[in-house]
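There's a structure below that I have some questions on.
What follows is calculated from the coordinates using simple rules that are stated; it is not laboratory data. In this text, all values refer to a predicted model and were calculated from it rather than measured experimentally. Virtual Cβ from ideal backbone geometry, glycine too; neighbours counted across all protein chains shown.
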Amino acid sequence: MNLTLIDWGIITAYLAGCMAAGVWMKRFVRGVEDFAIAGREMDLNLGIASLAATELGVVTIMYTAQLGYEKGFAGATVGVIMALAMFLVGQTGFVIQPLRAARVMTIPELFERRFGKGVRWLAGLFVVLGGLLNMGIFLLLGGKFLVYATGLPPEYLKWVMTGLLGLVLLYTALGGMLSVLVTDYLQFIVMGLGIVITSIIVIGDIGWTNLIQKLWQCWDGSATGVGQTLKSQPFNPLHSSNYGWGYILWQLIFQTAVVTTWQTTISRVLACKDEHTAKRMYRRTSFYFVGRFALPGLWGAAALVYFSFNGGLPEGLDSLTAMPAYLCKILPVGLIGMVIAGMLAAEMSTDSGYLLTWATVIYNDLIMPVVKRPLAAKTKLLITRSLVVGIGVFLVFYGLWYELPGNAWDYLAVTGNIYLASVFTLLVAGLYWKRATAAGAYAALVLGAIGPLTFLVVNQVVSKENQIRPEVAGASSFALAFLGMLIGSLLSRPPSPATAKPEAAV
C-alpha cells in the first residue's frame, strides 16, 4: 500500500464533497427534460467544463498513456486530429447547428422526422449497442489504474470498480444531467490540477532532453543492455512502423464523425442555450483534446523509458498498466492523494455522463416510440432512473470478463464505429441531401455495423497474426454505410418534397 493517511484524507474529502453536490441537485429535477438535458439552459463556461470533464476519464488516461508507451510522442496524433475536427465543426456549425435547432433530446429522435419511426428505433438500438460495448471497459481500466497507482493487491480491482460505480450511480440516478453538470465542474478543476502537476513531476523525474534521447534509443536499440523496447518510430506517425497513412486517413473521417455524432458529446450540444453557444463551446474546447492525448501520452512514454533503463518491465505489468505503476514510484506523499482524487474525478465524470446518455437513448428512442399511451412525469423519471441503474449492473459484469483483442484505443474506436459510421451517414444525408430515403437509412445502419462487429467477433477467436486491423474494420464501416445510403436511396422512391427539405428535418 503506497497511500498514507494524508492521501486517504484528500481522497475521502473529495468523494464526500462530490457526492453531496450531486445528490443536492435532485431537488431541481422536475421532469425528463431536466433530467436528460438540464432543461436546455447550459451556458458556455459550464458547457466547456462539462464537455472536457466527460470526455476525459481514467479510461482516457489509460489508453492515451498506452499509446505513449507503444508509439512515443506520435501517439498524440489522434488528439491533434480530434482537436482539428472539433474546431472546424465549431467554426462552421456543420451538423451541430441544425441538430441543436431541432430541439431533440437524442440524435435518433431527429431521424423519425426525416426517415420514420422505424429508422429512429433501429438507430437507437445501434447507438445503445455501440455505446454500451464502448463503455464496457471503462470500469476495468479505471480499476487497473487505481489498483496499480495505489499499490492495492490486484484482487481488489473488482471491489474498486463496483464501489466507484455505486457512488456514481447514486448521484446520477437522482439528479441526472443537473448532477452531472455540477459534479463535472468540480471534477474539471480537480482533474486539471492533478494532470498538470503530474506532468511537471514526470518531466522533472526523467528530464525532457533525456526522455527524447532515450525514446529514440528504445526504438533503434542503440542503448547498451536495453535493446529495442519500442517497435514504433516515436516521433513520426506516418512512419510504416507507427500509424501509417491508412490509419491516419481513417482517423480523419472517424474523428469528424465523433465530434458530430458521439451521443455523450452531442448531449452537451443539445443542453446548450442555443446554437451559437454550442458552436463557441466546440471552438473553445477543441485544443483541450490535444492535451488530453499528449499529457497522459507523456506519462506512458516516460514509463517506457523508466522501465527499459531500470531492468525491464516487471512481471505482471504490460503496456496498459506500466504508467500507473510508474506514477506509484515517483509521486510523493500527499501529492499522490491529490492525483488519485483527480483520477477519481475523471472516472466519475465520464461514467456519470455516459450512464445518463445511454439511459436517455434507451428511454427516448427504444421505449417511448412503442408506448401506446402517455406516461405520467413521475413514471418517465422512474423509467429513466431505473435504466441508469440497469446499465450500471451490466457494466460491472461485462467489465469483469471481457478481454481486449488489442490496445484499448483501437477497441474503443472500433466499438464506437458500430454506430458512428452509420449514424454520421444518416445525419449528413438527412440534413444535407434531399434525395435520402428511409431505405437508404436502413441499409446504412445495417451495413455500417458489419465491420466493427466482425472485428470484435473474429479477433476473439483467431490468432494475433490473423486478426483484422482496426483501420480496416473502421474504414470499411464508413464505406459500407455511405454505399448503403447512396444505393438504397437511389433504388427507392424519392421522399416527398416536404420531408426531403433539410429545414423540415430540423
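Can you sort R100, R435 from fewest to most other Cβ atoms within 10 Å of each residue's own Cβ?
Going from sparsest to densest Cβ surroundings: R435, R100.
Which distance in Å, rounded to a whole number, links the C-alpha centroids of region 361-397 and region 56-105?
29 Å
Now, a different point. How do E465, E112 line up, fewest other C-beta atoms within 10 Å first?
E465, E112
Across region 454-465, in residue order, what do the Karplus-derived ³J(HN,Hα) couplings come to in whole Hz, using 6.51 cos²θ - 1.76 cosθ + 1.60 with θ = phi - 60° and x for Gly and Pro?
4, 4, 5, 6, 5, 6, 8, 10, 9, 5, 4, 5
Could you list, in their original order, any pairs among K214/K329; K117/K380; K158/K231; K279/K380; K214/K464 whose Cα atoms are separated by more than 23 Å?
Pairs exceeding the cut-off: K158/K231; K279/K380; K214/K464.
For C328, C272, C218, what ranking results if the residue with the fewest other Cβ atoms within 10 Å of its Cβ goes first?
Sorted ascending by nearby Cβ count, the order is C328, C218, C272.
Round to a whole angstrom and tell me the spacing of the C-alpha centers of region 244-292 and region 297-327.
If you average the Cα positions of each part, the centres end up 31 Å apart.
Next up: Can you work out ³J(HN,Hα) from phi for every residue in region 272-282, in order, using Karplus 6.51 cos²θ - 1.76 cosθ + 1.60 and θ = phi - 60°, giving whole Hz and x for Gly and Pro?
Each residue of region 272-282 in turn: 5, 4, 7, 5, 4, 5, 4, 5, 5, 4, 5 Hz.
Between L249 and F235, what is the label-to-label distance in nm when each label sits 7 Å out along the Cα-to-Cβ direction?
Those two pseudo-labels are separated by 2.7 nm.
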